[in-house]
Ligand SMILES: Cc1cc2nc3c(=O)[nH]c(=O)nc-3n(C[C@H](O)[C@H](O)[C@H](O)COP(=O)(O)O)c2cc1C
């Protein structure tokens, strides 16, 4: 039974960050529901890992890797934890998280608060050593400390410690709330960064939706040249669409949720075309229904993530999206999700392999 509608008014009345802590605490204490989807048409293999379905939890929800098992049990095919930084840090001053309920959107300027790499790694260790393993793929999102003198050393530290524990690793160069971070997306900086980072696990790059065409072309070229494992498209936006609630127009930070949806989908389409469909894309930004997820898949995403819609719709959304996706595939006469990846772009390279 879906209890979220009963708790939602209480959570919405709370300060957003407190509400988040409460939800995370409830999940850790075992109060989360257990869902699973076994539809064959949604299973795929990517990076030699089997995904039971293409829907994942985006980075930022579980920054300290505290609730991996309960989050996977909600029915996600994969969970991306982090962003983690080498050292613990408090993040920006509060308030730093704001809801736009009408638009099911959020502005955040958290600034990577977290307990640091060691705490994070130990939590993954405990998850890996559980007596009752939970199925699902684990992505780890890595970042840098505020004011670090050497970003690349921060990434290297995180990578070295977490590589053995993660199924894939996302290099976050796109959060808008750490000064200088997005500058690492520029050609020269990104080239240096990607040359300096090597891993035995797939390395993914998470990019911002606020790139101009020249920046996007540079990133696509470097992604191909460095043979990166995948692209996560996208992080939050600095744009302020006209529909945004007026009281939030002047809040600094990254916007996520419905108001980000089209911007991120367009960028997915661009990158799928620019890379000829050869680099797997995780599509993220404003997914709040099966139709939204399907749109991103047709634009070129092999997998999809969400975060903000979970705040407004609760965990039953996961099953709704997965069942809805199966129906949409059937409606279009497709046997497997992989047949839909990028169809809309005409590029036509199938990414995720069906599990047969
Ligand atoms: C409160 C909050 C915190 C976030 N923290 C991170 C983070 O630490 N690292 C990251 O890569 N993305 C972070 N994100 C961005 C999400 O992972 C995602 O890219 C973005 O919110 C778009 O998806 P959505 O519209 O489904 O929320 C955060 C988003 C929110 C709302």
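The values are calculated or read from the model by the stated rules, or taken from the named source; none is laboratory data. Since the model is a prediction, treat every value here as computed from it, not as a measurement. Cβ sites come from the backbone with ideal geometry, for glycine too, and all protein chains shown count toward neighbours.
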Across (1) in contact (Cβ under 8 Å) with a residue 12 or more places away in the chain; (2) farther than 26 Å from residue 94 by Cα, residue 240 clears everything bar (2)
What is the one condition in (1) out of contact with any strand residue (DSSP E or B) (no Cβ under 6 Å at 6 or more places or on another chain); (2) within 24 Å of residue 113 (Cα to Cα); (3) within 16 Å of the ligand (Cβ to nearest atom); (4) not in a helix (DSSP H, G or I) that residue 193 does not satisfy? (4)
Just the residues that are part of a loop (DSSP other than H, G, I, E, B), away from the ligand (no atom under 16 Å from the Cβ) and surrounded by 15 or more Cβ atoms within 10 Å (Cβ to Cβ), please, taken from region 203-226. 226
Extreme residue, surrounded by the fewest Cβ atoms within 10 Å (Cβ to Cβ), among residues of region 56-71 that are within 11 Å of the ligand (Cβ to nearest atom) and on the phi < 0 side of the Ramachandran plot: 64
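Each row is one residue, and each column tells you yes or no for (1) farther than 20 Å from residue 206 by Cβ; (2) modelled with pLDDT of 95 or more; (3) not in a loop (DSSP other than H, G, I, E, B).
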site	(1), (2), (3)
10	yes, yes, yes
20	yes, yes, yes
41	yes, yes, yes
56	no, yes, yes
65	no, yes, no
72	yes, yes, yes
75	yes, yes, no
82	no, yes, yes
Residue satisfying condition, being under 25 Å from residue 110 (Cα atoms), in contact with a helix residue (DSSP H, G or I) (Cβ under 8 Å, 6 or more places away or on another chain) and not in a helix (DSSP H, G or I), within set 231, 165: 231
Residue check, residue 236 under 26 Å from residue 167 (Cβ atoms), surrounded by 24 or more Cβ atoms within 10 Å (Cβ to Cβ) and out of contact with any strand residue (DSSP E or B) (no Cβ under 6 Å at 6 or more places or on another chain): no
Assess whether residue 149 counts as being more than 27 Å from residue 69 (Cα to Cα), surrounded by fewer than 24 Cβ atoms within 10 Å (Cβ to Cβ), touching a helix residue (DSSP H, G or I) at 6+ places or on another chain (Cβ under 9 Å) and at pLDDT 95 or above. no
Out of all the residues in region 129-144, which are in contact with a helix residue (DSSP H, G or I) (Cβ under 6 Å, 6 or more places away or on another chain) and crowded, with 19+ Cβ neighbours inside 10 Å? 136, 140, 142, 144
